[in-house]
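Some notes on the structure that comes next.
The values are calculated or read from the model by the stated rules, or taken from the named source; none is laboratory data. Since we're looking at a predicted model, the values are computed, not measured. Here Cβ is always computed from backbone atoms with ideal geometry, including for glycine, and neighbour counts include all displayed protein chains. Heavy atoms of the whole protein, side chains included, go into the accessibility calculation; ligands, DNA and RNA do not. Shrake-Rupley method; radii C 1.70, N 1.55, O 1.52, S 1.80 Å.
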Amino acid sequence: MSVLCFYAQRGASSTRISSWLMQPLVLCVFVMAVARGQVRYSIPEEMTKGSLVGNIVQDLGLDVKRLKSGRARIFTEDNSREYIGLNVDKGTLVVKERTDREELCAQVSPCSLHFQIILENPMELHRVDVEILDINDHAPVFTRKEIHFQISELAVPGARFSLDSAHDPDVGLNTLQRYTLIPTDYFSLKEKSRSDGTKYVEMVLQSPLDRERDEELKLTLTAFDGGSPQKSGTVKISVTVIDANDNTPAFSQSVYRVSLAENAAIGTVVLTVSATDKDKGSYGEVTYSFSQSSGKDVDLFRIDENTGEICVNGLLDYEKSKQYELNLEAMDKGGLTDNSKVLIELTDINDNAPVISVISFSSPIPEDSTPDTVIAMLNIKDIDSGKNGQLKCFVNSDLPFRIKSSSSNFYTLVTDQILDREKMSEYNITITAIDEGSPSFCTNKTLTLKISDVNDNAPVFQLQSYTAYVMENNSPGDSVLSVKAHDKDAGNNARISYFLEDLCFSVMNAESGEILAVRSFDYEQTKEFYIRVKAQDGGSPPLSSNVSVKIIIQDQNDNAPQVLYPVQTGASVVAEIVPRSADVGYLVTKVVAVDVDSGQNAWLSYKLQKATDRALFEVGLQNGEIRTVRQVTDKDAVKQRLTVVVEDNGQPSRSATVNVNVAVADSFPEVLSEFTDFAHDKDYNDNLTFYLVLALAVVSFLFIVSIIAILSVKCYRWRRERIFYKSGTNLPVIPYYPPLYADVGGTGTLKQVFNYEMCGTTDSRKSDLKFVRPCTLSHHHRNTGC
């Protein structure tokens, strides 16, 4: 326990009390730390606003940052006034409103203010009790300024006369402590206590009265409290001595007890009291009344002064007062009295419905909240008693929530199942509180709870896979296709971005899913490939999914046909030989071409563009075969030059041309004589070609010299050989037809295979070409060096 002392200097308001008000008033605040988050303070009443009550941070073991982050606030039940405030910046409790203990609690002691300090994140509840200590700020006060008695001179010693009780709203030592009566020649005081501890006095006759000697007596009744300095109040008592009434009224019971329902209507008869007086005449007539010492309770009841019937005169409330004590007085016409009391016990009626107060409510909550997550803290109470105040609290059974009781009158609303925002994003939770009275009262409170999204759903593509077609030779930046995914989550958790890892493509807009080509594609290099697109949401951590996209490159006619045969070279002349005896349809040669495009773009057609004699040859449209269209005659020129166009089927189409030299002759020497001029038709003006030919000639010369040296011995063995034929500068090259181009039908370039033997020297004029004979063993020709 820690003690905090406050010193206050009070100024004098009157001469009478200045002596003690100028003294320092020592006010001590006792702080008692109670287990389970309870703290108790004690402060004197009438403290000025802003006065320190206690350091709540220190006493609860908290810090100021926790107060601020938890949005600390004070919750007072029944929405009563807040007399104590919370300074969040300093972590202290201060006086917010002037506290008058008598106004707050009347005679109830101890007088305490009860409230809760609520903290959130996490949720905490700390009970604080502040006891208001009484100061001696009230003097005893009598209701009447003067009391009148008419007492018979025949009154015997010991007769009692009820006096007004003084009222002091203070409690403890500061309240009423004792009475004094002066003078005491005839009367003395007798103090008595009620069941609630309050005191009242009776004036007791000590000596017989003598009207002839003292017809009227003047007395002073003084009430003192126990405060320091002591305060007092006085009332004048006037006693008139009357003659000849020597019997006092007598009640039938000293104490009357009765039970009464709190909902008794005004006018309801509570009970009837009776008193008798043995005197006759007017001295035997008794009247009934409530004693002034009954206090404020007499306002709720009335008594018939002639019959003694007591009735309800106001609204009763069990929750405010469970018992009433009425002091009765019976007086005869002679002024003699007797006293009794009535104890009225109220029985509780279920007349109050439960009250639901929301202390704290957290909305929204994340959908991944675990079961038993606290949503709201509630204060639910019924001020009735017994079964009428016993409560049952619940929520709809079809909702994933339940009510838990944390302490007396305090409940928590918690989750009971796993939540899923995608199924239900908002709940209207109706909290029902019903008491066990008969008939019972029910109260409903509806809370609207929103469920916040958690990134628990990965994006899902609309298709399991995608296929896109891209025309080759596309421009970089062209759109290929758009992919689309959706996410059941909301907000950033549903914001989808798309990513690619392939360097050939990019995503133009990460949020649109449009895929762009970053380079141009060539169908001849790549016809199709696969890429993976990743869709990633904006959650933390992010979730993603992948989809496969098949990219198919479509062909364009961007490649011209390429002629594989006959080979076009600049170093030699290739000539096809057609004998003059060739029939119609004779296969001269076959133009072989390819197109690296595909489909229609690779379909090739062959056309004869120009020829020395168009009437002699034709080209197969589909196969490129050059055949004779008529019988060769002696009039046909030996040297024939054909230009063949190879064209594809693309749009627009592309083409290539090839020149085919054809020699119409029956003998090889004839061919040589006609084709010696072909080499002179070539263009050797190009420097590069010249140097290449020169280099080739030097290498060939060295090679031939070496061969001649090796083969010189063999040359002597060929003495019977014919004289060398004279020839031009270069010999034509006879083409070699591989088996791939053999004419299966027997109409090829060479119907029979010929063998040739050739001897070459450095001097072309001495070179010899020997024609041997046809050979049918194999479809090839042979060159033999000699």
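Before moving on, here are some points about what is shown:
- Protection proxy ranking of 439-448, 482-491 - average other beta-carbon atoms within 10 Å, highest first: 482-491, 439-448
- From phi via Karplus (6.51, -1.76, 1.60), per-residue ³J(HN,Hα) for segment 653-664 in Hz, x at Gly/Pro: 7, 10, 9, 9, 10, 9, 9, 10, 8, 10, 10, 8
- Protein heavy-atom accessible surface, 1.4 Å probe, per residue over segment 141-242: 49 Å².
- Heavy-atom surface analysis with a 1.4 Å probe gives segment 510-611 a carbon and sulfur content of 49 percent of its accessible area.
- Heavy-atom surface analysis with a 1.4 Å probe gives segment 114-244 a carbon and sulfur content of 49 percent of its accessible area.
- If you model segment 38-133 as an ellipsoid using its alpha carbon gyration tensor, with each semi-axis the square root of five times an eigenvalue, the axes come out at 24, 13, 11 Å, biggest first.
- Each peptide in 694-702, 558-566 receives the mean, over its residues, of other Cβ atoms within 10 Å, and ordering these scores from highest gives 558-566, 694-702.
- Distant-in-sequence amide H partners of residue 187 (H built 1.01 Å from N, under 5 Å): 206
- Counting lysine pairs in segment 250-347 whose alpha carbons fall under 17 angstrom apart, excluding pairs fewer than 8 residues apart on the same chain, gives 6.
- Volume per residue of the C-alpha convex hull in segment 518-654, rounded to whole Å³: 139
- For segment 250-347: accessible area per residue (Å², 1.4 Å): 49
- Listed peptides 704-710, 358-364, 236-242 appear in the order 236-242, 358-364, 704-710 once ranked by packing, highest mean of other Cβ atoms within 10 Å at the front.
- Average accessible surface for segment 38-133: 47 Å² per residue, computed with a 1.4 Å probe over protein heavy atoms with every protein chain in place.
- Cα centroid of segment 43-85 to Cα centroid of segment 217-293, whole Å: 48
- Percentage of interatomic Cα-Cα distances in segment 460-554 larger than 20 Å: 35
- To put it simply, the accessible area of segment 355-448 at a 1.4 Å probe is 47 percent carbon and sulfur.
- Eligible lysines near residue 534 by straight Cα distance, threshold 21 Å, same-chain separation 8 or greater: 484, 488, 550
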